[in-house]
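Throughout, read-outs are computed from the coordinates displayed, never taken from laboratory work. Here the structure is a predicted model, which means the values were calculated and not measured. Cβ coordinates were reconstructed from backbone atoms using ideal geometry, including for glycine residues, and neighbour counts include every protein chain displayed.
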Amino acid sequence: RAKVAVLISGTGSNMAALLYASRREDCPYEIVLVGSNDPAAKGLKLAEAEGVATFALPHKGMKRAEHDAAMEAAVLKAGADYIALAGYMRILSPEFVSRWEGHMLNIHPSLLPKYKGLDTHARAMEAGDSHAGCSVHLVTAELDDGPVLGQTPVAILPGDTPETLAGRVLYAEHQLYSRTLEDLVSRPFSADWLLEKVGALALSLPEAE
Ligand code: GAR
């Protein structure tokens, strides 16, 4: 099974969804580490109780590159070959990201490319959208910008607040994330597969000699 490290900053409900999906005998991945930049992140306690190794290192007072290097060392020590960001609220250094390109996923609470960044649900509501939703994408150096591998739209209801909407989008996130991660780890990484998956992606491949 593919070995996955999950990085969180808070509740960790997506991490829990990934973990419980991995209990299925035929699930093609296992969670080998849950890491966090916040030692108080609720999800760490759950991971510990479920027997998953954890690593927590507060980022305060550390340079981004130093903090990333320590997180990456923990990920490598755990033997992970994929990283799933699940509510990890830190921007990663480009060096870290480029080393894991094609092997690092993020879940974002909007229908990308709409509403990158924060306050996604309030922005979807203000724009009068009929649907909000969530996306799982490969992580690249630009924030919330990598190839989208899966999306689920979620209707915005009359009387919704950003919080009630976020709650419903979370149900969709929990389904989408494990499905997309299973999909990714089940296939050998190839540009062909990526092209098929993300459609007309402008991949510039070097010319053969
Ligand atoms: C999720 O809604 C996730 O999409 C979002 O944070 C929440 C984490 O919840 N991520 C981002 O906003 C990333 N920019 P969880 O800790 O319960 O999984």
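Observations
- Given Lys60/Lys116; Lys45/Lys77; Lys42/Lys63; Lys3/Lys42; Lys45/Lys114; Lys63/Lys116, the pairs whose alpha carbons are separated by over 28 Å: Lys45/Lys114
- Over the stretch 1-120, relative contact order from alpha-carbon pairs under 8 Å, at least 6 apart, %: 30 percent
- Think of each Lys and Arg Cβ as +1 and each Asp and Glu Cβ as -1; about the Cα centre, that makes the dipole of the chain roughly 560 debye.
- Helix-only [θ]222 nm of the chain, DSSP H runs n ≥ 4, -39500 (n - 2.57) each, per residue, nearest 500: -11000 deg cm²/dmol
- Taking all Cα pairs closer than 8 Å and separated by 6 or more residues, the relative contact order of the stretch 61-151 comes to 26 percent.
- Electrostatic dipole magnitude of the stretch 121-187 [Cβ: Lys, Arg +1; Asp, Glu -1; Cα centre; debye, to 20]: 200 debye
- Span from the the stretch 98-155 Cα centroid across to the the stretch 1-77 one, whole angstrom: 21 Å
- Between Asp119, Asp68, Asp26, the Gaussian network model of the chain with springs among Cα atoms under 10 angstrom shows the greatest mean-square fluctuation at Asp26.
- Calculated FRET efficiency for the pair Asp183/Glu163, C-beta based, R₀ 30 Å, to 0.05: 0.50
- Selected from Glu25, Glu173, Glu50 as most flexible by GNM, with the chain as the system and alpha-carbon contacts under 10 Å: Glu25
- Mean Cα-pair separation over length for the chain, i.e. relative contact order, pairs under 8 Å, 6 or more apart, %: 19 percent
- Whether the chain is rounded, prolate or oblate, judged on the alpha carbon gyration tensor where a/c under 1.5 counts as rounded: rounded
- Anisotropy class assigned to the stretch 107-184 is oblate, per the alpha carbon gyration tensor with a/c at or over the 1.5 cut-off and a/b no larger than b/c.
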